[in-house]
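The values are calculated or read from the model by the stated rules, or taken from the named source; none is laboratory data. As the structure is a computational prediction, the values presented were derived from the model and not from experiment. When we count neighbours, we look across all protein chains shown, and the Cβ atoms used for this are built from the backbone with ideal geometry, even at glycine. The accessibility values were calculated without ligands, DNA or RNA, using every heavy atom of the protein model including side chains. Shrake-Rupley method; radii C 1.70, N 1.55, O 1.52, S 1.80 Å.
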There are 2 protein chains.
Amino acid sequence: MANAKLYKGSLNTIILKLLDEEGKMYGYEITQKVKQLTKGELQITEGALYPALHKLEAEGLLDVEVAKVDNRLRKYYKLTDRGTKETVNRLAELEDFIRSMQQLINPKWSIQ
Amino acid sequence: MANAKLYKGSLNTIILKLLDEEGKMYGYEITQKVKQLTKGELQITEGALYPALHKLEAEGLLDVEVAKVDNRLRKYYKLTDRGTKETVNRLAELEDFIRSMQQLINPKWSIQ
DNA sequence: ATTTATACCTAAATTACTTATGCATAAGAA
DNA sequence: TTCTTATGCATAAGTAATTTAGGTATAAAT
């Protein structure tokens, strides 16, 4: 499962959830964190990530803070108040979706 | 959660899995079955379903059989041999994806 | 008689990606 | 010392899976 595709629609929620947990992260860090947490299963491409971050910022869900570390640029993102509230909604939606999928593909899972 | 969106990429796998379980189904029946199994959570739109069925058929994963019931047309779909094999792969992929998502959004889930 | 349910279909628009490319610095290997 | 890999950002073109919005037709229910 070298480069498993990311199911469309879940990227934004993943970003929000990670920022909710970690407080603040920069783009590259997010890609590495996802790779690590999923044991290489999910690979976030930069072509998807950076536009997504910009859009979440434009929507007022994220704030940016630029930093320079080792003479290299980093853009730290963190949730705004609205972002924190929205994270709750999107997580609930994604969890509902996951439960629905489990109902469909493996009814036994959902009983316990 | 009136009309929860379907995360893109999962529709084909849902179709294949249902056909694997039920043997044969027609389009409208699939939409109703998904609605029932997910308690209305997931709504498959016809604009997504029919093109998906046609594509799976064109790929050689489904066979079609036309029937007339109560003077109304029904197109029953069932898995071909290749379709049955492919269902195994796609289900495994989707299950991997779901596990990855659980790692990301709720690490505790995956331990159990 | 009108609406709702059943049953199929397609086309345009939208959306979220992938793929490809670019720039720049730091670190490690040859 | 030069080349590659890792770190870090970015955008643009192309693609694919949807949504939305129509369309046709029969049966059942109000």
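In this entry, B:Leu18 passes the filter for residues that are over 30 Å from A:Lys35 (Cβ atoms), within 12 Å of another protein chain (Cβ to nearest Cβ) and surrounded by 15 or more Cβ atoms within 10 Å (Cβ to Cβ). The residues of the stretch B:27-54 that are near DNA strand C (Cβ under 10 Å from one of its atoms) and open to solvent by 30 Å² or more (accessible area, probe 1.4 Å), listed by number, are B:Tyr28, B:Glu29, B:Gln32, B:Lys35, B:Thr45, B:Glu46, B:Gly47, B:Ala48, B:Tyr50, B:Pro51, B:His54.
Of the residues making up the stretch B:65-101, those that are within 12 Å of DNA strand D (Cβ to nearest atom) and closer than 23 Å to B:Tyr28 by Cα are B:Lys68, B:Val69, B:Asp70, B:Asn71, B:Arg72, B:Leu73, B:Arg74, B:Arg90.
The single residue among B:Asp63, B:Asp20 that is in contact with a helix residue (DSSP H, G or I) (Cβ under 8 Å, 6 or more places away or on another chain) and in contact (Cβ under 8 Å) with a residue 60 or more places away in the chain turns out to be B:Asp20. Pairs under 6 Å by beta carbon, first residue on the phi < 0 side of the Ramachandran plot in the stretch B:95-112, partner open to solvent by 60 Å² or more (accessible area, probe 1.4 Å) and at pLDDT below 90, six or more apart or different chains? Sorted first by the residue in the stretch B:95-112, then by its partner, the pairs are B:Gln102/B:Trp109. When B:Lys85, B:Lys33 are screened for being within 11 Å of chain A (Cβ to nearest Cβ) and without any contact (Cβ under 8 Å) to a residue 24 or more places away in the chain, only B:Lys33 passes.
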